[in-house]
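First up is the structure itself, then whatever we jot down about it.
Laboratory data are not the source of any read-out in this text; all were calculated from the coordinates shown. Note that the coordinates shown come from a computational prediction; the quantities given were computed from them, not determined experimentally. Here the Cβ positions follow ideal geometry from the backbone for every residue, glycine too, while neighbour counts run over all protein chains shown.
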Ligand code: NAD
Ligand code: ZN
């Protein structure tokens, strides 16, 4: 253990930037990384404002942050794939590789997964972290640290696009233009969709999505999403609906928007159970998929960034210095509609 500076959530509503004991021993299969950039995620903010997410309750001081990139400063004795000086990003969830879920390829749903900044596991808003090399990925020279720290939320979009089993030319709807909705829309385009209609209630959020070729937008407080879908698909319906709002109300339209045989990918996590019209789903033989984080998405996400097929740089709304981390979190709590991703830069 070592006493190191970190952004610590002491308890609900109380953050401090202070020294805390964290494990810093580099095991044979580990790397030590000088953290460069950390993105602030909705879940970090939720722990700050609510002290819990579902069953995960902050009962002891916890370091926040799980969307990170940095530079390797030390490698364990058995690590051959990475070397000191490599620019990398880190996958925050470490499963038990021998678990049944991991052996099925679904390590994201391993019940024993240890995920940064999910109680009781500390996150990465601290100058150095020790991480398994197997969950640390090299960034090509043309992918910045800012983009590297966006691989984590983008991997959720990659998982959603993968679960949709997109066929080239598919048309999709994305409900919700928050950070996750925009990432899902871009992953769907990267995965072969010809066009994506993004729906939200807030014009500023839609304007951010609309800057990308291939994305059109509908403000559902003013216009009919059903009509927009009918125009684009000649009344047939979209191939895929990605639910990314987490709003119970949005579930009312997930049955009506897809074509017969279409797919609904549920990414948003409503806090309460939502009604599910089985008959409506059955007469179209809709296929439903759910998403919990991601598995095996980092390398392909990085490849899409490197190929310039996906450009997330316009989504970084502002960067804060590590010493201003608390101000960064208070800005995130403000939830300005023009903010997509706020990031903290360590050096
Ligand atoms: P966010 O709150 O920033 O975005 C949600 C957006 O949905 C907002 O822009 C809001 O205006 C919009 N919205 C609300 N009601 C709507 C409606 N009826 N129709 C269309 N849009 C509506 O949240 P986010 O960070 O983008 O995350 C989105 C959801 O994804 C959340 O529920 C979050 O918990 C979930 N999430 C799931 C996973 C996963 O692994 N499944 C991972 C990360 C986040
Ligand atoms: Zn996140």
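I need the calculated FRET efficiency for the pair residue 226 and residue 3, taking r as the beta carbon distance and R₀ as 51 Å, to the nearest 0.05. All intermediate terms of the calculation are to be shown ahead of the outcome.
Numbers: r = 58 Å, r/R0 = 1.14.
Using R0 = 51 Å, I get an efficiency of 0.30.
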* To do: Report the FRET efficiency, 1/(1 + (r/R0)^6), for residue 204 and residue 80, where r is their Cβ-Cβ distance and R0 is 45 Å, rounded to 0.05.
  => 0.40
* Asked: When the gyration tensor of the chain is built from Cα positions, what are the square roots of 5 times its three eigenvalues, in whole Å, from largest to smallest?
  -> 35, 21, 19
* Asked: Between rounded, prolate and oblate, where does region 154-290 land on the alpha carbon gyration tensor, with a ≥ b ≥ c its root eigenvalues, rounded for a/c under 1.5, else prolate if a/b exceeds b/c?
  -> rounded
* Structure fact -> With Cα springs under 10 Å, the Gaussian network model of the chain assigns the largest mean-square fluctuation among 34, 209, 77 to 77
* On Cα atoms only, tilt of 179-190 relative to the major axis of the chain in degrees -> 70 degrees
* What is the helix-to-structure angle for 325-334, meaning the angle in degrees between its Cα long axis and the longest Cα principal axis of the chain, kept from 0 to 90 and rounded to the nearest 10? -> 20 degrees
* **Full-stretch length increase - residue 141, residue 96 - with 0.36 nm per residue and alpha-carbon distance subtracted** => 13.1 nm
* To do: Mind pulling the angle between the C-alpha long axis of helix 151-164 and the longest principal axis of the chain? Nearest 10 degrees, somewhere in 0 to 90.
  => 40 degrees
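Residue 104 to residue 14: FRET efficiency via 1/(1 + (r/R0)^6), r the Cβ-Cβ distance, R0 30 Å, to the nearest 0.05? The partial results should precede the final answer.
Numbers: r = 40 Å, r/R0 = 1.33.
Computed FRET efficiency for residue 104 and residue 14: 0.15.
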* Relative contact order for region 154-290 using alpha-carbon pairs under 8 Å, separation at least 6, rounded to a whole percent? -> 23 percent
* Asked: Ranked highest first by the average count of other Cβ atoms within 10 Å around their residues, in what order do 300-307, 50-57, 183-190 fall?
  -> 183-190, 300-307, 50-57
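Let me make sure I get this right: for region 63-104, a, b and c are the square roots of the gyration tensor eigenvalues over alpha carbons, sorted descending. Under 1.5 in a/c it's rounded, otherwise prolate if a/b > b/c, else oblate. Which is it? All intermediate terms of the calculation are to be shown ahead of the outcome.
Details: a/c = 2.76, a/b = 1.38, b/c = 2.01.
Since a/c reaches 1.5 but b/c is at least a/b, the shape of region 63-104 is classed as oblate.
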* To do: Starting from the Cα of residue 330, move 7 Å in the Cα-to-Cβ direction to define the label point; list residues of region 1-43 whose amide nitrogen is under 17 Å from there.
  => 7-18
* region 59-151 shape via C-alpha gyration tensor axes, a/c threshold 1.5 -> oblate
* **Added length on full extension, which subtracts the Cα-Cα distance from 0.36 nm per residue, residue 247 to residue 50** => 69.1 nm
* Asked: How far apart, in nm, are two points set 7 Å out from the Cα along the Cα-to-Cβ line at residue 256 and at residue 60?
  -> 5.1 nm
* Structure fact -> Quick calc: nm separation of the 7 Å Cα→Cβ label points for residue 216 and residue 34 -> 4.9 nm
